[in-house]
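Here is the structure we will look at.
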Amino acid sequence: MKKYLAVAQTSMKSVLASKSSIFVLLAQALIPTVVMAYLWTSILPGHSAIQGMTAETMIKYYIGVNVVNFFVWYAIDWELNDDIHSGELSNIVRRPVNMMGYYFSRMLGDRIANLMVLAPIILIILVMHIKHIFSLDVIWFGQVFMTILLAMLLWFAFGYVIGCLAYWFENLFFVLIVKEIVVSFLAGYYLPLNLFPEILKNLSNLLPFQYFSYFPIQTLLKQTLPINWSIGILIGLMWLIALYGIGYWLNRLGARHYSDVMG
Amino acid sequence: MRSQISTIQKLLQMSLMRSASFSADFIFGILSAVLWLGIPIVFFKMIYLNVDTIAGWSWYQTLLLVGIYTMVDGLMMTFLVQNLPTLEHDIREGQLDSILLKPIDTQLYYFFYAVDFTQLVNFIFGLTVTIYALIHLSINWFYLPIALLCMLAGCILYYAIWFLWTITVFWLPTNFGRSDLFLSVIQMGRYPNTIYRGFGKLIFLVILPVGMIATPTALALLGRLTWFGFLGVIVLALVSLVLSRLMWLCGLRRYDGAGR
């Protein structure tokens, strides 16, 4: 356990090493949300709504997207791709750590650093809403915590599977781009999934991507019934087991394929 | 000057060979281009199923805007998608020294060093959507030269925003790549710039002019661009180009190399 904590700590320190990180992370969260706010207030002026969603609920949704992203969105596949193609993987496999555990610790460290960077802002928001904190719904809080944790684990497992393709692909750049576009769309990053036409809704129900973003946001915004939440968690867990198995198997297969001059 | 042109020719040849060496890349490049253009179209289509206009733009006008944005994006990505992350890495890691010694202007080098020709597929798809949208709109072809000038200005703005953002690493280094932020922000150029009001106009049309990348070209083709708007985008492009050069020279003075 100590070894993995050390990896997470290194990853965390790497982000916190430069003070300008706070500016970049803040801009990354704020600018797209502000633009989406302008777009949706133009589309839905006043109290007009699309399928029950007003401009205000759309803006809340995009804020939710950013909140969830802070816990989830880590480019594990890009990192694995870089390490495999640069030969850095040789240094990692020689360490007394499990490879999946190593990359997960790196992701954890990075996400904790992100939260630490944003801690002053989170604190200000909490102080501004101090009255609501004391009347916090504990069950809802637990549900949000669980969905975000599930989203994190699923994101990691899926990114790991995709990153493992780098064992066979000479250049994974476009594969990763395609993955990012498809996942962002079907995870509800651009548009809530309830606005999708039936065919796309059905497609997203067959895939794990809604658990990366849409499902946690719906839980965060208290838009999920307890029964649907339980079913969602169950399906998400099944996806997690499946993706973990595929990742483990692909890594074993890929490691046999991997070659490096160790120098 | 002649030696610079010959160096650029050699760099382009090398890039072409690199692009051709990964055949699987080309297939995924086409797939990514289809999705890159297809997803915003689906996004807008879903909205237009519920509303008639977005900030005064009809469905075909928005399609025209998306097509133009994709053309600018595809063209600039061809030159920048590999070069600017490399520039950022080289500044951060102190590896700029050897590039500064090369017989070519360094800013020019980081435009032609690794050209990704696969990205041109995006440009072609963008052009196709633009033509499709134009067929459904009444266009005054008299405005075509003005639209082309606006598009050139849009390309310059796209370059300047990304380049200026990249070279802030001279002053504000981070341990992670900053292209992600640029890519998530620049996509906002697909939205009509008429959505911005009040303070937003100043931010997204002047300070961070993502709203000026594609909208003026679309407005020119639609015959709705005012002379003030036209001059505005041209002046903005020229100022941002000069600013990027000045900031680059300032950054170089600040640069500490490791002698690698």
Determine which member of the set A:9, A:28 is of a type in the set (S, T, N, Q), at the interface with chain B (Cβ under 8 Å from one of its Cβ atoms), within 21 Å of the chain's Cα centre (by Cα) and open to solvent by 40 Å² or more (accessible area, probe 1.4 Å).
A:28
Of the conditions (1) outside any helix (DSSP H, G or I); (2) more than 14 Å from chain A (Cβ to nearest Cβ), residue B:234 clears all except one; give me its number.
(1)
Just to be sure before I move on: is residue A:188 over 26 Å from residue A:89 (Cα atoms), assigned to a helix (DSSP H, G or I) and either open to solvent by less than 10 Å² (accessible area, probe 1.4 Å) or within 14 Å of chain B (Cβ to nearest Cβ) (or both) in the structure I sent?
no
Is it the case that residue A:122 is open to solvent by 30 Å² or more (accessible area, probe 1.4 Å), among the β-branched types (Val, Ile, Thr) and under 26 Å from residue A:192 (Cβ atoms)?
yes
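Is there a residue in segment A:151-169 that is free of Cβ contacts under 8 Å to residues at least 60 places away in the same chain and within 13 Å of chain B (Cβ to nearest Cβ)? Let's see the steps before the verdict.
From segment A:151-169, those free of Cβ contacts under 8 Å to residues at least 60 places away in the same chain are A:169; that's our starting set.
Keeping just the survivors that are within 13 Å of chain B (Cβ to nearest Cβ) gives A:169.
For segment A:151-169, residues free of Cβ contacts under 8 Å to residues at least 60 places away in the same chain and within 13 Å of chain B (Cβ to nearest Cβ): present.
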Scanning segment B:1-50 residue by residue, the ones that are charged (D, E, K, R) and within 23 Å of the chain's Cα centre (by Cα) total 2
With aromatic (Phe, Trp, Tyr) and surrounded by fewer than 19 Cβ atoms within 10 Å (Cβ to Cβ) as the only criterion, which of B:196, B:191, B:158, B:255 stands out?
B:255
Return the residue satisfying two criteria in turn: it lies in segment A:41-55 and is part of a helix (DSSP H, G or I) and at the interface with another protein chain (Cβ under 9 Å from one of its Cβ atoms), and of such residues it is farthest from residue B:165 (Cα to Cα).
A:43
Checking the structure you have, find out if any residue of segment A:228-236 is touching a Phe, Trp or Tyr at 6+ places or on another chain (Cβ under 7 Å), loosely packed, with under 12 Cβ neighbours inside 10 Å, closer than 29 Å to residue A:167 by Cβ and not hydrophobic (A, V, I, L, M, F, W, C).
no
Would a scan of segment B:71-78 turn up a residue that is away from chain A (no Cβ under 14 Å) and over 21 Å from residue B:184 (Cβ atoms)?
no
Can you pull out every residue in segment B:76-128 that is among the charged types (D, E, K, R), assigned to a helix (DSSP H, G or I) and touching a helix residue (DSSP H, G or I) at 6+ places or on another chain (Cβ under 6 Å)?
B:88, B:92
Filtered residues of segment A:73-91 (kept if of a type in the set (A, V, I, L, M, F, W, C), assigned to a helix (DSSP H, G or I) and over 13 Å from residue A:105 (Cα atoms))
A:78, A:80, A:84, A:89
Any idea which of (1) over 18 Å from residue B:250 (Cβ atoms); (2) part of a helix (DSSP H, G or I); (3) more than 15 Å from the chain's Cα centre (by Cα) is the one residue B:168 doesn't satisfy?
(1)
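Would you confirm whether any residue within segment B:1-19 is open to solvent by 60 Å² or more (accessible area, probe 1.4 Å), more than 13 Å from chain A (Cβ to nearest Cβ) and under 27 Å from residue B:182 (Cβ atoms)?
Among the residues of segment B:1-19, at least one is open to solvent by 60 Å² or more (accessible area, probe 1.4 Å), more than 13 Å from chain A (Cβ to nearest Cβ) and under 27 Å from residue B:182 (Cβ atoms), which makes the answer yes.
The values are calculated or read from the model by the stated rules, or taken from the named source; none is laboratory data. Note that the coordinates shown come from a computational prediction; the quantities given were computed from them, not determined experimentally. Heads up, the Cβs are rebuilt from the backbone with ideal geometry, glycines too, and the neighbour counts pull from every protein chain shown. To get the accessible areas, we keep the full protein, side chains included, count just its heavy atoms, and leave off ligands, DNA and RNA. Shrake-Rupley method; radii C 1.70, N 1.55, O 1.52, S 1.80 Å.
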